[in-house]
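Let me begin by presenting the structure, written as structure tokens, before commenting on it.
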Amino acid sequence: MEKNVAGSSFEEMNLENGFRLLEFQNDSNETLKFERDIDSTFIQLHFCIRGSSKFLFNNGNYSFDVLDKRSIILYNPQRKLPINLEIHSKTTILSLLISIEKFHSLFSNEASYIPFLSEENKNKKYYDDVEIKPTVLIVLQQIINSNVNSSIKNLYLKGKIYELLSLHFQHDEANLAEYCPFLVDEQNVQKIRKAKDIIIANMAEPPSLQELANEIGLNIKKLKEGFKQIYGDTVYSFLFDYKMEHARRLLESNQHNVNEVGMKVGYSTASHFIAAFKKKFGTTPKKYVMSLNN
């Protein structure tokens, strides 16, 4: 759907079920208004690329501004959050409406945990207001200025929006799911991070799941579910991959022989370490070192 009003435009695209894109451009000298009912199963992401706008709630009794180069996230599973938007002059806004189920599918393999993983958080609302990252702004401009053939426009926009979401939620080089605000509460995220740090620090003699759960203050079920959600793998599969990568780096340093490296990552015999290394990388540690020297 597309509308044009003297010096302004509004376009809405249904990219797929539970995934909609709204684009507002107000180049007029007037403030424009936009209203839309949104049910409680949707997350709203609004990016103010230029200018400013105002969101109104409760029949205008409550409002907040979305300023130039800032973005907001709105989600409230307890009530509807209809869009009642005042778009000021010379303003461009791009909005994404994503169902909570669709959002989970983008950030996790466990999309069935709807709307939140932890029982205590499933009815909590969420609000965020942050500055748009430069990398995100570039993608936003590409979406706004896209001039692709209509037959592939939907595919192009979906690709760009996936890129946009990954950049928006990215924090340094950490796993995106660790910063997905709808998976687990921050307190549990910190506990899962602590669990990861503990097993890495004790990789040669890692604690049992029960010992790890006791140390971070979670039951085993929440530890296993939370770890899989955040790091995309089980605790010990994650540790195995980490140990092999650490072993590979030690071999590359040429400061330790194969036996020493195996001991450092927790293998009491060289044969067990060699088997594990070959399982991970498809070659033995010795052959790997020889390939580096060649």
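Using θ = phi - 60° and the Karplus form 6.51 cos²θ - 1.76 cosθ + 1.60, what ³J(HN,Hα) does each residue of region 157-167 get, whole Hz, x for Gly and Pro?
Calculated HN-Hα couplings, in order: 5, 4, x, 5, 6, 4, 4, 4, 5, 5, 6 Hz.
Please turn the phi angles of region 69-78 into ³J(HN,Hα) values with the Karplus equation 6.51 cos²θ - 1.76 cosθ + 1.60 (θ = phi - 60°), one per residue in order, whole Hz, x for glycine and proline.
With the stated coefficients, region 69-78 comes to 6, 10, 10, 10, 10, 10, 7, 8, x, 8 Hz.
Counting pairwise Cα distances across region 237-293, what percent come out greater than 20 angstrom?
Within region 237-293, distances greater than 20 Å cover 10 percent of Cα pairs.
Hey, in the GNM for the chain with a 10 angstrom Cα cutoff, which one of 156, 127, 62 fluctuates hardest?
For the chain, modelled as a Gaussian network with Cα springs under 10 Å, the answer is 62.
Which longest run of the chain has no exposed loop site in it, a site being trypsin sites (Lys or Arg not before Pro) in a DSSP loop with at most 11 other beta carbons within 10 Å, and the site itself not part of the run?
Result, exposed sites excluded: 81-294.
For the pair residue 129 and residue 201, what calculated FRET efficiency results from E = 1/(1 + (r/R0)^6), where r is the Cβ-Cβ distance and R0 = 35 Å, to the nearest 0.05?
0.45
Cβ under 9 Å from residue 244's Cβ, residue 244 left aside: what net charge do those residues give with Lys, Arg +1 and Asp, Glu -1?
It works out to a net charge of +2.
Would you order 100, 49 from fewest to most other beta-carbon atoms within 10 Å of each residue's own beta-carbon?
Ascending Cβ contact count within 10 Å gives the list 100, 49.
In the Gaussian network model of the chain, springs joining C-alpha atoms below 10 Å, which of 237, 52, 151 carries the largest mean-square fluctuation?
151
What does the extension gain come out to for residue 260 and residue 278, with contour length at 0.36 nm per residue minus their alpha carbon separation?
Once the chain is fully extended between residue 260 and residue 278, it gains 4.8 nm.
Treating only the Cβ of Lys, Arg, Asp and Glu as charged (+1, +1, -1, -1), what charge dipole size does region 191-286 show about its Cα centre? Round to the nearest 20 debye.
Once rounded to the nearest 20, the dipole reads 260 debye.
Over region 237-293, what is the relative contact order in whole percent, taking alpha-carbon pairs under 8 Å and six or more residues apart?
Relative contact order of region 237-293: 30 percent.
Under 8 Å for C-alpha pairs, at least 6 residues apart: give me the relative contact order for the chain, rounded to a whole percent.
13
How charged is the neighbourhood of residue 280? Take every other residue with its Cβ under 14 Å from the Cβ of residue 280, and add Lys/Arg as +1 and Asp/Glu as -1.
+3
When only C-alpha pairs under 8 Å and at least 6 residues apart count, what is the relative contact order of region 186-232, in percent?
43
Choose one answer from 161, 274, 143: the residue with the largest mean-square fluctuation in a GNM of the chain with alpha-carbon springs under 10 Å.
274
Using amide H atoms built 1.01 Å from N in the peptide plane, name the residues 5+ places from residue 170, or on other chains, whose amide H lies under 5 Å from its own.
none
Each residue of region 10-22 in turn: what ³J(HN,Hα) in whole Hz from Karplus with 6.51, -1.76, 1.60 and θ = phi - 60°, glycine and Pro shown as x?
9, 10, 10, 10, 8, 5, 5, 4, x, 8, 10, 10, 10
Taking 35 Å as R0, compute the FRET efficiency from the Cβ-Cβ separation of residue 147 and residue 28 and round it to 0.05.
For R0 = 35 Å, the calculated efficiency reads 0.95.
Can you give the calculated 222 nm mean residue ellipticity of the chain, where each DSSP H run of n ≥ 4 adds -39,500 (n - 2.57) and the sum is split over every residue, rounded to the nearest 500 deg cm²/dmol?
Taking each H run of at least 4 residues, the total per residue is -13000 deg cm²/dmol.
Given that just one value was derived from the coordinates, which of (1) 61, 42, 37; (2) 76, 47, 29; (3) 58, 46, 33 is Cα extents along the principal axes in Å?
Recomputing Cα extents along the principal axes in Å here gives the entry labelled (2).
With a sphere of radius 12 Å drawn around the Cβ of residue 88, what net charge do the other residues whose Cβ falls strictly inside it have (Lys, Arg +1; Asp, Glu -1)?
Net charge in that neighbourhood comes out at -1.
Computed from the coordinates by the stated procedures, all read-outs in this text should not be read as laboratory data. Keep in mind that this is a model prediction, so the values were computed, not measured. Backbone-built Cβ (ideal geometry, glycine too); neighbour counts: all protein chains shown.
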